[in-house]
Amino acid sequence: MSNTDTARKVLVVDDEELVRKTIGAIFEEFGFNVIEAANGQEGLQVFSRESPDIVFTDLRMPIMNGFTFITRLKEISPDTPVIVISGVGDVHDAVEAIRLGAWDYVTKPVEMIECLDIVIQRVMERARLIAENKLYQEHLEELVKQRTDELRDSEIRFRTLFESANDAIILIHNDRIISCNRKTLELFRCSQNEILNRTMLSFSPLRQPSGVFSRDAHEERMIVALSGCPQFYEWRYSRSNEEIFDVEISLNRLEFHGDLFLQAIMRDITDRKEVQ
């Protein structure tokens, strides 16, 4: 991990002291400040006091179990990364925890530092993407409220932010791409004329790595995002030369003057996928 993580704090919630110490020791090697709690109730108190950047929690604990803890924590801080510590045979519990708002899970015993490192990097990258997405969305909402000269000045500032972003940003209306930034053209290796008025599905292979048909998964993501539920997922695309690449997508609904749009922020994760 990079040195930027040295000031971050992690909360480890588990009723087994040995588990807390084991995970805490690993995080300390990564440069995190480690704080602990023995159950969900204590975890909520520590979280309110310490405001950690990431939370690890067991599910089966006395006083307040992990399921209730995750539910309460998401009410307080919905964007805080939560990673579940699950037993090898408790996959169904881990899936239920993710449904409640957890971002990922690791299995006991937590001994593989490399595997844990990958999980931590993945959730922290997603947290960064969410924070940046909020900034983009706040700026877009600001533009809508401006008038005349004020609006024109704001549009220039937004266009500068839009074009200088490190991630690909696409604006979608009625499933068609109506605007994109420079990073998008670099990612797909095409011109603006080649991408505008097309669908994101048109750049997708027939199936995704999981085996699901791209069309089915794409339509489902679009419907859910338009309903107001942000989507965070990995997707595979192919360029015009049939070169395959993987991205992580944040898909969010935007509303302007009663009309609905979708904003997709994409980051190339091809190298990371190859390493994994």
Study note, to complete from the structure: Treating only Lys and Arg (+1) and Asp and Glu (-1) as charged, each at its beta carbon, one finds that the chain has a dipole about its Cα centre, in Debye to the nearest 20, of 680 debye
Point to revise | DSSP bridge orientation in the chain - percent antiparallel, rounded to nearest 5 | key: 60 percent
Revision key, fill the gap. Of the listed pairs Lys9/Lys273; Lys183/Lys273; Lys134/Lys183; Lys108/Lys134, those with alpha carbons more than 23 Å apart are Lys9/Lys273; Lys108/Lys134
Review point. When only Cα pairs under 8 Å and 6 or more residues apart are kept, what is the percent relative contact order across the chain?
Key: 11 percent
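Counting heavy atoms of the protein chains only and a 1.4 Å probe, report the per residue accessible area for segment 188-276 as a whole number of Å². Don't jump to the answer; show the numbers that get you there.
Values: 4970 Å² over 89 residues.
Result: 56 Å² per residue.
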**Study point:** On Cα atoms only, tilt of 113-145 relative to the major axis of the chain in degrees
**Key:** 40 degrees
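Using a 1.4 Å probe on the protein chains only, how many percent of the accessible area of the chain belongs to carbon and sulfur? Walk me through the numbers before you get to the answer.
On the way: 7230 of 14600 Å².
Carbon with sulfur: 50 percent of the solvent-accessible area.
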Review point. Using θ = phi - 60° and the Karplus curve 6.51 cos²θ - 1.76 cosθ + 1.60, what whole-Hz ³J(HN,Hα) does each residue of segment 39-49 get, with Gly and Pro shown as x?
Key: 6, x, 4, 5, x, 5, 5, 5, 4, 4, 7
Practice item. Could you go through segment 69-75 in sequence order and give the Karplus-derived ³J(HN,Hα) for each residue, using 6.51 cos²θ - 1.76 cosθ + 1.60 with θ = phi - 60°, rounded to whole Hz, and x for Gly and Pro? Key: 4, 4, 4, 5, 5, 5, 5
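Under a 1.4 angstrom probe, counting protein chains only, how are Cys229, Cys190, Cys180 ranked by accessible area, largest first?
Numbers: Cys229 65, Cys190 25, Cys180 5 Å².
Accessible-area ranking of Cys229, Cys190, Cys180, largest first: Cys229, Cys190, Cys180.
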**Study point:** Whole-number Å³ per residue for the convex hull built on Cα positions in the chain
**Key:** 151 Å³
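Taking 0.36 nm per intervening residue step and subtracting the Cα-Cα distance, what contour gain separates Thr22 from Leu135 on full extension? Present the calculation step by step, with values, prior to reporting the outcome.
Values: separation 113, 0.36 × 113 = 40.68 nm, distance 3.66 nm.
Length gained, Thr22 through Leu135: 37.0 nm.
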Review point. Long-range amide H contacts for Met61: which residues qualify at under 5 Å (H placed 1.01 Å from N, peptide plane, sequence gap of 5 or more or a different chain)?
Key: Gly66
Exercise for review: Please give the contour-minus-distance gain from Glu50 to Lys273: 0.36 nm per residue of separation, less the Cα-Cα distance, rounded to one decimal in nm.
Suggested key: 76.9 nm
Practice item. Quick one: check the C-alpha center-to-center distance for segment 217-276 versus segment 1-80, whole angstrom. Key: 30 Å
Point to revise | Dipole magnitude of segment 180-242, debye to nearest 20 (Cβ charges: Lys/Arg +1, Asp/Glu -1, about Cα centre) | key: 180 debye
Review point. Going by average Cβ neighbours within 10 Å, how do the peptides 35-41, 222-228 rank, with the highest at the top?
Key: 35-41, 222-228
Check your understanding: So, in nm, how far is label Asn33 from label Ala127 when the simple model puts each one 7 Å beyond its Cα toward the Cβ?
Key -> 1.4 nm
Check your understanding: What is the extension gain from Arg207 to Ser227, computed as 0.36 nm multiplied by their sequence separation minus the C-alpha to C-alpha distance, in nm to one decimal?
Key -> 4.7 nm
Exercise for review: Please give the FRET efficiency for Lys9 paired with His92, using the beta carbon to beta carbon distance and R0 = 30 Å, rounded to the nearest 0.05.
Suggested key: 0.50
Revision key, fill the gap. Among Ser77, His173, Asn39, the residue whose Cα sits farthest towards the positive end of the charge dipole of the chain, when +1 is placed on the Cβ of each Lys and Arg and -1 on the Cβ of each Asp and Glu, is His173
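If r is the Cβ-Cβ distance from Thr71 to His257 and R0 is 30 Å, what FRET efficiency results, to the nearest 0.05?
Details: r = 36 Å, r/R0 = 1.20.
Efficiency, from the Cβ-Cβ distance: 0.25.
The values are calculated or read from the model by the stated rules, or taken from the named source; none is laboratory data. The model shown is predicted, which means the values in this text are computed figures rather than measured ones. Every residue, glycine among them, receives a Cβ derived from its backbone with ideal geometry; neighbour counts consider all protein chains shown. These area figures cover heavy atoms from the full protein model, side chains too; ligands, DNA and RNA do not enter into them. Shrake-Rupley method; radii C 1.70, N 1.55, O 1.52, S 1.80 Å.
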